[in-house]
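**Student:** First, the structure itself, so that you have it in front of you.
The values are calculated or read from the model by the stated rules, or taken from the named source; none is laboratory data. Just so you know, these numbers come straight off a predicted model, no measurement behind them. So basically every Cβ, Gly included, is an ideal-geometry build from the backbone, and we count neighbours across all protein chains shown. Please note that ligands, DNA and RNA were not included when accessible areas were found on the heavy atoms of the full protein model with its side chains. Shrake-Rupley method; radii C 1.70, N 1.55, O 1.52, S 1.80 Å.
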Amino acid sequence: MTEPGPKFKVLKFLKLIIASLFFTVLLLFTIACIRTLSLDVNAGLQLAQWEKTKNISLVIDRHQREELLSNFKEAIRIPTVSFSQTESNITALLEFGKLLRKAFPTVFSSSLVHHELVANYSHLFWVQGSRPDLVPYMLLAHIDVVPASESDGWEAPPFSAKEIDGFIYGRGTIDDKSPVMGILQALEYLLRKGYAPRRGFYIGLGHDEEVSGFKGAVNIVRLLKQRGVRLLFVLDEGLAVLDGVIPGFEGPAALIGVSEKGSATVKLSVSTVPGHSSMPPSESSIGILAGAVKRLEENPMPRLFGQGPERGTFEHLAHKFRLPVKFVMSNLWLFSPLLSRVLERKPDTNAFVRTTTAVTMFNAGVKVNVMPSLAEAYVNLRIHSAQSLQEVLDLIHSTVGDQRVKIELIDGFDPLPVSSDDEKSFGFQIIKKTVLDMFPSVTVAPGICIGNTDSRHFKDLTSDIYRFAPVWFKPGDPQRFHGINERISKKNYEELVVFYSSLFQNCDIQSLPEPHSSVHEL
């Protein structure tokens with residue numbers, strides 16, 4: 001009997017490989033299908049038995065509606081602009097403080113509320129609870145705004161609070177005077193109705209958030225540290241309710257920010273000997289620097305999609321997409337590399353994929369016939385949660401790869417720690433419950449803030465910082481943020497007041513219920 005030839009053995013080996021690949025693909029496909037059909041990270045504690053509290057229902061009547069809108073419009077008309085870390089509209093900040101006292105007399109006169117000014121213009125409120133054993137929480141907002149000019153193309157003067165088709169237009173309507181006024185308006189109405197919280201809480205209103213909060217938020221944190229305060233969680237501005245903004249997503253989504261990308265500003269500079277343009281060197285300072293900048297733009301930071309909080313966002317939203325997108329998003333363990341290549345094609349989604357690199361300033365030259373001795377460029381980077389500031393700096397050095405280019409870190413910080421969002425996370429679940437009680441059709445998901453807030457200064461006081469306000473964004477609305485025609489509907493502002501009223505009272509429970517899945521009934 002003759003032995004099989006070499007060709008037969010090779011053919012048998014190839015069949016074995018093909019069969020193994022087939023069964024591997026089949027197994028992966030089966031697992032992915034099961035996960036697609038069964039993945040439900042949104043059930044949470046909705047079916048659990050929550051501790052019962054006697055919540056005061058806040059039903060806004062006609063008089064209150066006129067009052068809250070009047071207060072809000074007056075706040076928008078005060079131009080509390082932060083121009084830089086050293087220049088603010090001090091007169092407007094003082095005027096705003098007077099408005100708060102006039103608009104919310106019960107808040108400022110209640111024996112339950114202690115108010116103090118911090119760094120002259122920021123405000124810190126302590127609302128005493130009846131149960132000192134319950135760890136307090138904190139709500140943040142800021143009273144300053146970025147500059148705005150009607151000549152930029154506004155439909156209404158940016159500090160007019162003009163009504164157009166049910167919307168109030170003005171700088172600060174979204175960022176961030178709607179939470180400022182909404183929080184205090186909710187507390188004002190509850191105190192009038194005799195509300196006394198079980199769990200104490202703080203309200204912090206910074207006056208320089210738009211220029212990093214080094215005077216307002218930082219000094220508020222310093223005071224709380226001196227007093228030995230620990231916070232259960234912090235809620236600040238950040239993300240919102242997106243309705244029709246996410247392509248292919250069915251229904252609105254409320255994204256609660258659980259972290260922020262880090263940030264870095266890096267200066268690149270090249271120095272050469274100046275000379276006359278009639279006798280130029282082979283490479284100028286501008287040319288050397290331009291080459292370095294080009295290398296940074298042509299070699300973006302590595303893809304890190306799925307290694308940060310963005311994975312939780314996509315998994316929470318997956319069930320509201322149609323196939324095949326639902327299949328892909330339910331199985332990021334398998335499709336992250338593929339999805340990252342799709343997302344990186346657009347600037348707004350590329351921000352979820354990697355640390356972004358933006359050359360924002362380039363300065364060189366003083367005269368058309370003089371070779372510049374110095375060329376400078378500034379690069380702004382927003383650091384992905386899976387990277388550190390030092391790792392980003394190391395990559396910049398290796399990418400530039402030219403010792404003639406001086407690289408300096410002007411300022412920067414690491415990505416913020418990722419706050420919890422599981423079923424044991426008090427802050428996240430309370431915010432989620434409050435959203436769903438008001439808007440049952442909304443899908444709630446954790447998110448990542450690609451911009452920064454002054455809540456980052458509070459990371460030593462709590463392990464859980466959330467960034468969310470129930471402002472509704474339709475297509476085109478995100479561009480109004482720091483842009484022209486910033487606006488909020490009258491209905492939506494009223495919803496903010498009701499939201500914070502419910503949030504205060506929902507926080508009065510002692511602890512979260514057990515998840516429904518872990519409760520076994522006999």
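**Student:** Tell me, please, whether a residue that is modelled with pLDDT of 95 or more, over 30 Å from PHE428 (Cβ atoms) and in a helix (DSSP H, G or I) can be found in segment 323-346.
**Tutor:** no
**Student:** Six or more apart or on different chains, Cβ under 6 Å: which pairs go from a residue in segment 504-515 that's within 11 Å of LEU45 (Cβ to Cβ) to one that's open to solvent by 30 Å² or more (accessible area, probe 1.4 Å) and outside any helix (DSSP H, G or I)? Could you list them?
**Tutor:** Final answer for the pair search is PRO513/GLN49; PRO513/TRP50; PRO515/GLU423.
**Student:** Let me ask something additional. Return yes or no: is LEU239 within 27 Å of the chain's Cα centre (by Cα) and closer than 24 Å to VAL444 by Cβ?
**Tutor:** Criteria met by LEU239.
**Student:** Out of all the residues in segment 244-269, which are within 26 Å of MET438 (Cα to Cα) and over 17 Å from the mean Cα position of the chain (by Cα)?
**Tutor:** GLY244, PRO247, GLY248, PHE249, GLU250, GLY251, PRO252
**Student:** Looking only at residues in segment 161-212 that are open to solvent by 30 Å² or more (accessible area, probe 1.4 Å) and under 23 Å from ASN89 (Cα atoms), which one is farthest from the chain's Cα centre (by Cα)?
**Tutor:** Ranking the candidates gives LYS162 first.
**Student:** To continue, here is another question. In segment 335-366, which residues are of a type in the set (A, V, I, L, M) and open to solvent by 60 Å² or more (accessible area, probe 1.4 Å)?
**Tutor:** Hits for segment 335-366 are LEU338, VAL342, MET361, VAL366.
**Student:** Yes or no: TYR121 of a type outside the set (A, V, I, L, M, F, W, C), surrounded by 15 or more Cβ atoms within 10 Å (Cβ to Cβ) and touching a strand residue (DSSP E or B) at 6+ places or on another chain (Cβ under 7 Å)?
**Tutor:** Criteria not met by TYR121.
**Student:** For segment 352-368, name all the residues that are in contact with an Asp or Glu (Cβ under 8 Å, 6 or more places away or on another chain), in contact (Cβ under 8 Å) with a residue 40 or more places away in the chain and more than 20 Å from GLY262 (Cα to Cα).
**Tutor:** PHE362, ALA364
**Student:** Write out, first by first residue and then by second, each pair whose Cβ atoms fall under 7 Å of each other, whose residues are 6+ apart or on separate chains, and whose first residue, in segment 287-309, is over 26 Å from LEU374 (Cα atoms) while the second is part of a helix (DSSP H, G or I) and at pLDDT below 95.
**Tutor:** What qualifies is ARG303/SER340; PHE305/SER336; PHE305/LEU339; PHE305/SER340; PHE305/LEU343; GLY306/LEU332; GLY306/SER336.
**Student:** Output yes when any residue across segment 101-119 is of a type in the set (Asp, Glu) and within 26 Å of LEU231 (Cα to Cα), and no when none is.
**Tutor:** Yes, segment 101-119 contains a residue that is of a type in the set (Asp, Glu) and within 26 Å of LEU231 (Cα to Cα).
**Student:** Out of segment 136-166, which residues are touching a residue at least 12 places away in the same chain (Cβ under 8 Å) and under 17 Å from PHE83 (Cβ atoms)?
**Tutor:** HIS142, ILE143, ASP144, VAL145, VAL146, PRO147, ALA148, ASP152, PRO158, PHE159
**Student:** Another one. Limited to segment 200-242, what total is found for residues that are within 18 Å of GLU116 (Cβ to Cβ) and part of a strand (DSSP E or B)?
**Tutor:** Adding up the residues that qualify gives 6.
**Student:** Quick check on SER263: is it touching a strand residue (DSSP E or B) at 6+ places or on another chain (Cβ under 9 Å) and crowded, with 19+ Cβ neighbours inside 10 Å?
**Tutor:** The answer is yes for SER263.
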